[in-house]
Amino acid sequence: MFDNKSILITGGTGSFGKKFIKTVLERYQPRRVIVFSRDELKQFEMQQEFNAPCMRYFLGDVRDGDRLRQALRNVDYVVHAAALKQVPAAEYNPTECIRTNVWGAENVINAAIENGVEKVIALSTDKAASPINLYGATKLLSDKLFIAANNIAGGHKTRFAVVRYGNVVGSRGSVVPFFRKLVADGCDSLPITDPRMTRFWITLQRGVDFVLKNFERMQGGELFVPKIPSVRITDLATAMAPQLKQHVVGIRPGEKVHELMISHDDSNHTFEFADHYVIAPSINFVVQHGYDSNDAGEQGKPVDEGFNYASDNNPLFLDIAELKALDQATP
Ligand SMILES: NC(=O)c1ccc[n+]([C@@H]2O[C@H](COP(=O)([O-])OP(=O)(O)OC[C@H]3O[C@@H](n4cnc5c(N)ncnc54)[C@H](OP(=O)(O)O)[C@@H]3O)[C@@H](O)[C@H]2O)c1
């Protein structure tokens, strides 16, 4: 699917972007792979590792529509991964987060349509489902823009879809590196925000594979949600440091006790497939077949009315032994 294609990744120097590009270069022979991000140092460092002849590095900000329009010339597929994603920073600097996550999304959409890009997948987060913090709210707006973009793309070939998933194991600023540092610094107890807390859990590779597969599946307008396990935060702490006590520090501003991926209100337009769900758009676009089947030939079925997919009602939980194995396998 990606052989001889030109692919651009906004936020290509981030955790997701690097893993995505590594995977694409291992499995396919793309014509061009374009990294689009702001910081020249991150790009310089990435060039030392990723220097295949097809690689291109574009400095640019998703807030700058003109630069995006230049970058997307003759591009076939786009993954939009660039975002500001730290919850406390977004609460403190709301307008900065809106400019990058919402205006940036709009710029990506316009540049993709104007350049006749074939398919665009935007990354979302569980924090965008019934959001309670600014980061989640901006990602929900971004999701809505990408889904609705299939309307304004009428008459153009560009199709847009969204991929939503939960915490990425070991990603920058997340709980695993935080606990690791505390253990390495010789702490005698690990801080737990709330002992009831649960989170969805996905490895970076699974996230990348899910995005790649959804380029095959998408017709335009889908919000794809993978079936992934949950973890109890107390189990994670026990798996990472069984010798340490745990102490409760209280929930942080903008945090939920449990995360939500699909709300009750979305259940009447959600379809279940073998390894994922699809939230269909509330406004139906012209698609070749309904959203209960996809372009990869897979068949889904409607979920029960009132269904919701939350990190505490997930049938799939990782136990302490599985978490320990995952921690040891995570760099
Ligand atoms: N990590 C998770 O746990 C998680 C979970 C669910 C969803 N997601 C979503 O997955 C996506 C990727 O996350 P990640 O973990 O890879 O993030 P990351 O490691 O923080 O990388 C973010 C990337 O975006 C770039 N960027 C930031 N602002 C930009 C701007 N204004 N213009 C252009 N590039 C910009 C950054 O490079 P520069 O700073 O150099 O511009 C960097 O390359 C995000 O959309 C995030 O919301 C992440």
Considering only residues that are outside any loop (DSSP other than H, G, I, E, B) and loosely packed, with under 15 Cβ neighbours inside 10 Å, which ones fall in the stretch 312-327? 321, 325
Looking only at helices (runs of 4 or more DSSP H) that fall completely inside the stretch 93-173, which ones have 3 or more residues that are surrounded by 19 or more Cβ atoms within 10 Å (Cβ to Cβ) and away from the ligand (no atom under 11 Å from the Cβ)? 104-114, 134-152
Restricting to the stretch 183-192, count the residues that are without any contact (Cβ under 8 Å) to a residue 24 or more places away in the chain and either within 16 Å of the ligand (Cβ to nearest atom) or in a helix (DSSP H, G or I) (or both). 1
All-but-one check, residue 50 against (1) at pLDDT 95 or above; (2) more than 25 Å from residue 203 (Cβ to Cβ), failing number (2)
Within the stretch 72-84, does at least one residue satisfy the condition of being closer than 26 Å to residue 135 by Cα, touching a residue at least 40 places away in the same chain (Cβ under 8 Å), of a type in the set (Ser, Thr, Tyr) and assigned to a strand (DSSP E or B)? yes
Of the residues that sit in the stretch 185-202 and are acidic (Asp, Glu) and over 26 Å from the mean Cα position of the chain (by Cα), which one is farthest from residue 174 (Cα to Cα)? 188
Inter-residue pairs, beta-carbon under 7 Å, first open to solvent by less than 70 Å² (accessible area, probe 1.4 Å) and in the stretch 44-67, second within 9 Å of the ligand (Cβ to nearest atom) and among the polar types (S, T, N, Q), 6+ apart: 46/13; 57/43; 62/10; 62/100
Go through the stretch 207-304 and tell me which strands (runs of 3 or more DSSP E), entirely inside it, have 3 or more residues that are surrounded by fewer than 19 Cβ atoms within 10 Å (Cβ to Cβ). 245-248
Selection from the stretch 28-59 of residues that are over 23 Å from residue 173 (Cβ atoms) and under 21 Å from the mean Cα position of the chain (by Cα): 33, 34
Selection status of residue 108, touching a Lys or Arg at 6+ places or on another chain (Cβ under 9 Å) and among the β-branched types (Val, Ile, Thr): no
Matching residues in the stretch 175-190 - criterion: being open to solvent by less than 40 Å² (accessible area, probe 1.4 Å) and under 21 Å from residue 330 (Cα atoms): 175, 176, 179, 190
So is residue 75 within 15 Å of the ligand (Cβ to nearest atom), closer than 30 Å to residue 217 by Cα, in contact with a Ser or Thr (Cβ under 8 Å, 6 or more places away or on another chain) and open to solvent by less than 30 Å² (accessible area, probe 1.4 Å) or not? no
Across the stretch 7-30, what is the total count of residues that are free of Cβ contacts under 8 Å to residues at least 40 places away in the same chain and either of a type in the set (Val, Ile, Thr) or in contact with a strand residue (DSSP E or B) (Cβ under 6 Å, 6 or more places away or on another chain) (or both)? 3
All positions within the stretch 32-65 that are assigned to a loop (DSSP other than H, G, I, E, B), of a type in the set (A, V, I, L, M) and more than 8 Å from the ligand (Cβ to nearest atom): 52
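The values are calculated or read from the model by the stated rules, or taken from the named source; none is laboratory data. Bear in mind that the values here come from a model prediction, so they are computed numbers and not experimental data. Note that we place each Cβ from the backbone using ideal geometry, even for glycine, and neighbour counts take in every protein chain shown. The protein model used for the area step is the full one, side chains on, heavy atoms only, and it has no ligands, DNA or RNA in it. Shrake-Rupley method; radii C 1.70, N 1.55, O 1.52, S 1.80 Å.
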